[in-house]
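Structure, as structure tokens:
Just so it is clear, none of the values below were taken in a lab; they were calculated from the coordinates. From a predicted model like this one, the values you see are computed outputs, not experimental measurements. Neighbour counts are summed over all protein chains in view; Cβ atoms, including those assigned to glycine, are modelled from backbone coordinates with ideal geometry.
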Amino acid sequence: MRTPYGQECQYFYGDYYRGKNHEECRLLGSEVSLSKWTPKLCKNCPVPSILQANACPNMILEGKIKQGFLNLNKNMQVSAFCTQTKTIVREPHVGCGSCHPFPDVFLKKDE
Ligand code: SF4
């Protein structure tokens with residue numbers, strides 16, 4: 001589904017049927033996070049670009065809301081985990097490199 005800012009995000013859900021105006025982020029797990037979420041957080045959320053860049057089925061995303069100073073600058077913090085290698089994925093846009101190793105020409109040679 002498209003977010004109010006036009007990016008495609010599989011975690012965005014909007015129900016506008018018969019005058020309803022319910023929107024939620026299904027990436028957030030806890031009830032507390034869901035109550036703090038607003039659609040404005042989609043504007044700078046990295047998830048749509050991660051999903052566009054990396055479609056690895058073994059990567060799981062986890063999101064939480066990071067509160068800024070005095071509740072300003074709230075934003076989404078996203079972490080990724082690979083279920084195959086059981087490691088944290090440092091760069092979710094690229095992946096952990098296990099399923100899709102980089103070709104040798106891109107790897108740094110020691111000599
Ligand atoms: S906050 Fe991010 S993950 Fe959640 S619905 Fe918006 S774009 Fe998707």
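Largest GNM mean-square fluctuation among 27, 72, 51, using the chain with Cα springs under 10 Å: 72.
Counting neighbouring beta carbons within 10 Å and listing from fewest to most, the residues 11, 17, 5 come out as 17, 5, 11. Each of 15, 104 has some number of other Cβ atoms within 10 Å of its Cβ, and from fewest to most they run 104, 15. Packing-based ranking of 40-47, 85-92, 64-71 yields 40-47, 85-92, 64-71, ordered from highest to lowest mean Cβ neighbour count within 10 Å. Karplus-based coupling profile of segment 3-16, in residue order and whole Hz: 6, x, 9, x, 8, 7, 9, 6, 9, 7, 9, x, 10, 10, with θ = phi - 60° in 6.51 cos²θ - 1.76 cosθ + 1.60 and x standing for Gly or Pro. Taking each DSSP H run with n ≥ 4 as -39500 (n - 2.57) and averaging over every residue of the chain yields -3000 deg cm²/dmol at 222 nm.
For the chain, modelled as a Gaussian network with Cα springs under 10 Å, which listed residue fluctuates most, 62, 23, 31? Among 62, 23, 31, the largest GNM mean-square fluctuation belongs to 31. Above 21 Å, the calculated P(r) of the chain contains 46 percent of its Cα-Cα pairs. Counting only lysines at least 8 places from residue 74 when in the same chain, those with an alpha carbon closer than 25 Å to its own are 36, 40, 43, 64, 66.
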